[in-house]
Every structure is written in C-alpha cells, then in structure tokens.
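The values are calculated or read from the model by the stated rules, or taken from the named source; none is laboratory data. None of the values given here were measured: they were computed from a predicted structure. Here the Cβ is made from the backbone with ideal geometry for all residues, glycine too, and neighbour counts use every protein chain on show.
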Amino acid sequence: MNRETASGGPARALPALTARALDAGGALAGSLPGFVPRPAQQRLGVAIAEAMADRAALVAEAGTGTGKTFAYLVPALLSGQRVIVSTGTKALQDQLYHRDLPLVRQALGLGLRTALLKGRANYLCLHRLALAQGSPVFSDRDQIALFERIVAWSRRTRRGDLAEVEGLPEDSPVRGLVTSTAENCLGSDCPFWQDCHVVRARAEAQAADLVVVNHHLLLADLAIKEEGFGEILPGASAFVLDEAHQLPDLASQFFGESLSARMLVDLGRDVIGACAKLAGSLAALSPPVRALELAIKQLRADCEGLPQRGAQTLLLAHHPEMPARLRGLAEAMAVLAGALLPVKEAAPEFAAALARLELFQQRLRHWGEGAPGLFEGGADSPGALAGEDDGDETPAPVAGETQGEVRWFELTQRGFALSVTPLDVAGPLRRYREQSRAAWIFTSATLAVGGDLRHIAWKLGLDAPRLLLEESPFDWPRQALAYLPKGLPEPAARDYTARVVEAVRPVLEASKGRAFLLFTSHRALREAATLLEGGPWPLFVQGTAPRAALLEQFRASGNGVLLGAASFWEGVDVAGEALSVVVIDKLPFAAPDDPVLEARLEAVRRRGGNPFLAEQVPAAAIALKQGVGRLIRRHDDRGVLVLCDPRLLGKPYGRVFLASLPPLTRTRELAEVLAFLAPGTAPAHDETRRHAV
C-alpha cells in the first residue's frame with residue numbers, strides 16, 4: 001500500500017483529515033451517539049497523524065478521559081497505510097477489535113480490512129486436541145467436563161480462538177493440552193496444517209490494512225521468540241502501542257529466555273504420546289523420560305527453604321548438592337536426546353521433540369554461563385547435544401546482544417524456572433524500531449513522572465522522540481478528593497496494616513462501601529481482609545475467585561468493598577457510583593530483593609547514578625498513577641482517594657509522586673472527607689488547600 005490516505009490525498013493531509021474527523025462537525029460526531037469533541041483528543045490525534053506521515057516516533061501521555069483510542073484509530077484508518085495496533089492485554093485487544101474499531105470504521109465510512117491476531121497459545125491446535133482425545137490425562141471431573149466442552153466447540157468454531165469458550169480459565173491445565181507452542185508445533189509437517197487456526201489467523205493479518213495485536217505477541221515477534229507463519233512487522237508503516245508503560249518490563253521477558261520444569265515435563269509427556277506412532281519406541285523412550293522427571297524432582301527438592309525468586313548465586317550456594325543436581329538434569333536431557341536421535345525420522349513428533357530438547361539444552365548452557373565450570377565438558381554438559389549440529393536453525397539468544405544479563409531462578413509449588421534476563425532493553429527495541437523504518441507511537445494514561453516523559457523515552461530506547469503530554473479533561477479538583485490520613489506509622493511498622501484499616505474504616509462507613517482497597521503485598525491484603533470481616537458491606541478478596549468474576553460480583557453488589565493486589569491496580573474499569581473510594585496502602589515500590597531489580601540497581605550504581613531515584617521512584621510513580629486511575633472513569637464520577645503512605649509528605653521524593661498525580665484537591669482532615677461523601681454535596685475548588693498539604 002502506498003503513502004496515500006484513504007481519501008486519496010497525500011500523506012501530509014492526514015493531520016487535517018484527522019482533526020476534521022474528530023471535530024464537532026466531523027464524521028464521528030455525526031455518526032456516534034454521545035460523541036463529544038474534546039480538544040485534547042484532537043491534539044493527540046493530530047500529533048499521531050503527523051508522526052505517521054513523517055514515520056517518526058511519538059511518546060504521548062493522554063490522561064484518563066482524553067479518548068486516546070479514537071485519537072489513534074482515526075489517523076490509523078485514514079492513513080491508507082498498513083498499521084499494527086498493540087494493546088497491553090488480551091482483554092483490551094478484544095475490546096478494541098470488537099467494540100471500538102467497528103464504531104470508528106463505520107463512522108468514517110471505510111471498508112478497510114482488519115484482523116485480530118493473538119499468540120498461538122490462544123488458538124485451538126487440532127493436532128494436540130486429537131492427541132489429547134486419544135490419551136485422556138484428567139482425573140478431575142471439572143477438567144474432564146471442560147475438555148469435553150472444548151471438543152464440542154471445536155466442531156463449530158471458525159476462528160479457533162479459545163476466548164470463545166465460556167468459563168475457560170486462563171490458568172486451566174486444559175489449555176496446555178489443546179494449544180501449541182513455538183517449540184512443539186510441527187509446522188508444515190502437521191497433518192492438520194491446512195486447517196490450522198494459527199495459520200489462518202496469520203494469513204488474515206498478512207492481508208489486512210489494520211492488525212490488532214497485544215504486546216506479548218508483538219514482542220515475541222520482535223525478539224524472534226516465536227516461529228511464525230509469515231512476518232507481520234516488515235510490511236507495516238506504523239505501530240501504535242497503547243498502554244506503552246508496560247513495554248519495558250514485558251520486553252525484558254521476551255528479550256531474555258527461560259527453562260522451566262513444566263517445559264521439560266510437557267516435553268516428556270509429548271514424547272510418550274508420540275510413541276503410539278512407532279511400535280517398540282515406548283520401551284526405548286520411557287526410561288529416559290522417567291529419569292528426566294526424577295532429575296527435575298530432585299532439583300526441586302533441594303530448593304526447599306529458598307525464597308520464591310533469587311539470583312543464580314543464591315541457588316548454587318543453597319545446597320551442597322545443587323551443582324550436581326543441575327549437572328544431573330543436564331545429563332538426563334542429554335540421555336533423552338540420545339534416545340530420540342535414532343527415531344527422529346520415524347514421525348514428525350519425534351523430530352519436533354528432539355529440536356525442543358536441543359533448544360532447552362542451549363538455554364541451560366546459557367544460564368550456566370554465569371557460573372564458570374558448572375557445565376564444562378563431558379556427556380553431562382548441556383552443550384553435548386546428542387545429534388549433528390543443525391547450524392542456524394536456532395537463532396542466538398537476543399539477550400546476549402545486550403550490555404548485561406542477570407541469571408536467576410523462580411520457584412513454584414512443584415517446579416522451577418531458570419531465567420536469563422537482559423538488564424537493558426533499550427538497545428534491542430531501538431534496533432528493531434530502526435529496522436522497521438516505520439512510525440512508532442507510544443501512548444498511555446501513565447507515562448510521565450512528575451510531568452516529565454524523558455524517563456520512559458530512555459527506557460524505550462528513544463533518543464529524541466516527539467513528546468506530548470495531554471492532561472485528563474476531568475475536573476479533578478471538583479470530582480475527587482485526596483485524603484492523606486494523619487498519624488499513620490512508617491510502612492515498615494508491624495501494625496501498619498491494622499492502622500491503615502483503622503484509618504480507612506470511617507471513610508468506608510461514610511461511602512457505604514463502594515470501595516477498592518489496593519495493596520502492594522498479598523500478606524497485607526490477607527491481614528486487611530481478616531480485619532474487615534463481618535462489616536456491613538460485601539467483601540470481595542482477590543484469590544477467592546477469578547478476577548473477572550470478582551469484578552462482576554462487586555459491580556452487582558452496589559456497595560461492595562474489594563481488596564486487590566497488583567493485577568487490580570490497572571486495566572480495571574468500574575464507572576459510576578459502584579466505586580466511590582480507592583484506598584492505596586503503600587507506595588508501590590518493587591520488592592528490593594527481586595534479582596532482576598537488584599541487578600539493574602547495581603548497574604545504575606556502577607554508572608555513578610542514584611539507583612533509587614533513577615529506577616525505583618519512576619517505576620513506583622507510574623504504578624501509583626495506575627492505581628489512582630481506577631477512581632474517576634467518567635465526567636460525572638466523584639470519589640475519594642485515600643493515600644495512606646506517610647512518606648508522601650515525610651520524604652523528599654514524595655514530591656515526585658504527588659507531582660505525578662492528577663490535580664486533586666488534597667486534605668488531611670477526616671471531616672472534609674465525610675462532608676465530600678455526604679449525599680448531595682460537592683467539593684469546593686480550593687487550590688490553596690490542595691497545595692498547602
């Protein structure tokens with residue numbers, strides 16, 4: 001597609017066309033009931049259109065209520081160029097594609113082709129479904145019923161998107177049995193290749209003018225972490241990344257690599273399943289699979305007493321047998337690879353399993369590079385692959401091309417993961433962006449720290465991007481009141497959560513519930529839930545039900561109190577009177593003992609910087625803005641924000657957090673909060689009081 005707009009004019013006309021479409025007499029106002037032109041939305045849309053026309057990079061914060069979705073969809077559809085729009089979550093991706101995009105496309109009167117593309121783990125794999133039907137592995141009655149529902153649905157679905165299966169949890173073990181991964185996909189050797197839902201979805205994306213993806217898929221493609229059925233990136237002229245504040249942390253995952261116990265267990269299960277294709281193979285392959293499973297269990301048993309996450313050095317020093325256990329795992333992998341080699345030509349499943357195993361051996365070797373001598377030489381070395389060198393089939397890890405890496409472990413109830421994560425993702429992001437020669441638009445309601453966008457631009461590898469900061473059009477001083485309770489102890493105090501609940505209780509009584517209580521730790525959440533039990537409001541606690549179910553129950557209750565941790569700080573939209581109070585217990589600093597964060601802080605320290613101010617404060621300020629953003633979602637919303645952490649006023653860096661928030665009226669007086677929440681009252685616009693506290 002050339003650089004002509006959908007209306008036939010040159011690309012330079014795109015800003016004017018965008019402004020006109022978003023104006024009072026424009027296409028959206030004329031077609032969408034309730035559409036209200038907003039100056040901030042128009043400015044954002046024009047800035048995005050200019051970046052698209054110039055193939056430039058733009059970082060734009062658009063406060064809640066700006067209408068950024070329409071602001072980027074309008075120029076994207078009018079541009080006449082191929083555009084990829086990426087969202088932060090699959091839920092937002094579905095909302096954008098099924099609700100917002102059709103409205104804007106219809107209003108503009110454009111018949112452009114659009115496509116929704118997700119990662120392969122979201123699509124039914126017909127081959128793995130057939131394998132699972134042949135060897136049922138479920139004993140749980142609910143899982144059996146869920147699997148049978150998927151089988152029935154598989155006969156009528158056209159897209160194969162598992163989001164169509166009602167009541168299928170994201171963490172259900174059934175998903176792993178009916179979906180493929182980049183490692184276990186058979187590609188063109190698959191007997192179901194012609195009907196593959198992933199192949200069809202990616203073919204539709206290749207032919208579309210606008211493709212809606214999510215950050216996980218986009219980054220997987222960028223990092224060459226997912227083998228694809230055709231590239232989607234080179235043909236795009238513009239990329240729009242919504243919820244772009246999530247990108248640096250997500251990019252760390254995708255530019256790194258991981259080897260987990262679950263990956264190895266799944267591999268062993270697939271090897272045993274493939275034995276049905278070759279008589280006599282079970283006797284040869286079953287012993288090495290069992291030996292691999294035993295090595296996994298022994299390694300996990302020696303991890304008892306370790307924290308959930310930690311640096312590689314902590315793992316190796318924890319138990320005297322740990323190096324031997326890791327070498328034992330490597331040896332079990334090598335033995336299984338040797339057993340697979342003679343049968344790899346007998347069935348594509350065996351060849352795919354061997355390729356996966358060799359990839360996992362490379363990952364273990366890469367992880368071991370941080371401990372010289374751990375895997376040196378011998379058959380037990382993960383580098384001693386039982387097969388010929390396949391040359392360039394497996395690309396070198398992208399993480400190794402960055403300036404530094406951190407090697408660490410993570411424990412689950414029965415398993416573990418060994419990961420290598422780059423300390424800096426700016427370099428890889430910059431390289432891929434430059435290679436694309438496209439426009440890149442990064443937008444979110446929470447990108448700036450203290451009104452400054454340079455921090456996020458640096459994290460994204462942008463040297464001199466265009467910057468735009470559009471504040472929320474909401475009347476924050478009148479719609480919301482920020483309450484900073486007096487007399488609370490430092491967050492490290494043993495009775496801190498109890499004191500927070502004590503300070504918040506009269507606010508909840510005045511609001512008659514209708515509140516979110518957001519915590520920075522699950523321990524504090526559980527303690528607060530115990531303290532609030534038996535109150536006059538329905539209590540909804542994260543972990544007692546799936547997130548979507550909790551939110552639905554909260555909305556339906558009308559006066560509920562919901563207690564949530566990290567996943568409730570963003571991406572949650574409860575408008576109207578159902579949510580009138582948001583409580584935040586502490587400033588959301590990342591856990592200081594996180595191995596990746598520790599390594600990044602040390603890297604800043606070595607450069608002569610202040611790691612606390614350079615890394616921890618900006619990240620926490622953006623996270624705090626996300627939590628605050630739950631309170632006011634519409635122009636007629638009203639609510640109270642309770643910020644309990646005394647460091648906001650007692651520490652110099654507290655000013656950075658307060659300067660990052662919307663211009664709420666602030667108070668330390670409970671009486672003012674109670675007056676604000678009293679029926680029929682509205683706050684006075686008192687800038688003097690706001691700045692006085």
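Search region 171-193 for residues being among the charged types (D, E, K, R) and farther than 19 Å from ARG141 by Cβ, and hand back the single one that is nearest to the chain's Cα centre (by Cα). Per the stated criteria, the residue is GLU183. Being among the aliphatic types (A, V, I, L, M), surrounded by fewer than 21 Cβ atoms within 10 Å (Cβ to Cβ) and not in a loop (DSSP other than H, G, I, E, B): is that true of LEU467 here? In short, yes.
For region 529-545, filtering for residues that are part of a helix (DSSP H, G or I), more than 27 Å from the chain's Cα centre (by Cα) and buried (at least 17 other Cβ atoms within 10 Å of the Cβ) leaves 1. Restricting attention to region 569-619 and to residues that are assigned to a loop (DSSP other than H, G, I, E, B) and among the aromatic types (Phe, Trp, Tyr), the residue that is surrounded by the fewest Cβ atoms within 10 Å (Cβ to Cβ) turns out to be PHE589.
Per the listing GLU293, GLU345, GLU349, the residue uniquely outside any helix (DSSP H, G or I) and either closer than 20 Å to PRO191 by Cα or without any contact (Cβ under 8 Å) to a residue 60 or more places away in the chain (or both) is GLU345. Considered as a group, the residues in region 75-113 that are within 19 Å of GLU164 (Cα to Cα) and of a type in the set (Lys, Arg) include one that is surrounded by the most Cβ atoms within 10 Å (Cβ to Cβ), and that residue is LYS90.
Residues checked against (1) within 30 Å of HIS127 (Cβ to Cβ); (2) of a type in the set (Phe, Trp, Tyr); (3) at pLDDT 95 or above:
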{"residue": "ARG269", "(1), (2), (3)": "yes, no, no"}
{"residue": "PRO320", "(1), (2), (3)": "no, no, no"}
{"residue": "ARG327", "(1), (2), (3)": "no, no, yes"}
{"residue": "GLU331", "(1), (2), (3)": "no, no, yes"}
{"residue": "LEU336", "(1), (2), (3)": "yes, no, yes"}
{"residue": "ALA346", "(1), (2), (3)": "yes, no, no"}
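For (1) at pLDDT below 95; (2) of a type in the set (Asp, Glu); (3) in the same structural domain as ALA659 (by TED's automatic domain parsing), each residue gets a yes or a no:
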| position | (1), (2), (3) |
| --- | --- |
| PHE442 | no, no, no |
| ARG466 | no, no, no |
| ALA482 | no, no, yes |
| ALA524 | no, no, yes |
| GLU527 | no, yes, yes |
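When GLN626, GLN616, GLN553 are checked against the criterion of being of a type in the set (S, T, N, Q), under 30 Å from THR313 (Cβ atoms) and not assigned by TED's automatic domain parsing to the domain that holds GLY65, a single residue qualifies: GLN616. Taken over region 274-288, the residue count meeting the criterion of being among the small types (Gly, Ala, Ser), under 22 Å from PRO191 (Cα atoms) and assigned to a helix (DSSP H, G or I) is 3. Pairs meeting the criteria (first residue in region 472-497 and assigned to a loop (DSSP other than H, G, I, E, B), second residue aromatic (Phe, Trp, Tyr), beta carbons under 7 Å, at least 6 apart or on different chains) are PRO489/TYR496. For ALA324, the requirement of being without any contact (Cβ under 8 Å) to a residue 60 or more places away in the chain, surrounded by 14 or more Cβ atoms within 10 Å (Cβ to Cβ) and in contact with an Asp or Glu (Cβ under 6 Å, 6 or more places away or on another chain) is not met. When region 25-70 is filtered for residues that are touching a residue at least 40 places away in the same chain (Cβ under 8 Å) and among the β-branched types (Val, Ile, Thr), the ones remaining, listed by number, are ILE48, VAL59, THR64, THR66, THR69.
Select from region 176-198 the residues that are in a loop (DSSP other than H, G, I, E, B) and polar (S, T, N, Q) and list them in ascending order. Residues satisfying the conditions are THR179, SER180, THR181, ASN184. The set of residues in region 415-432 that are at pLDDT 90 or above and among the charged types (D, E, K, R) contains only ARG430. Of all residues in region 197-215, those that are in contact with a helix residue (DSSP H, G or I) (Cβ under 7 Å, 6 or more places away or on another chain) and of a type outside the set (A, V, I, L, M) total 2.
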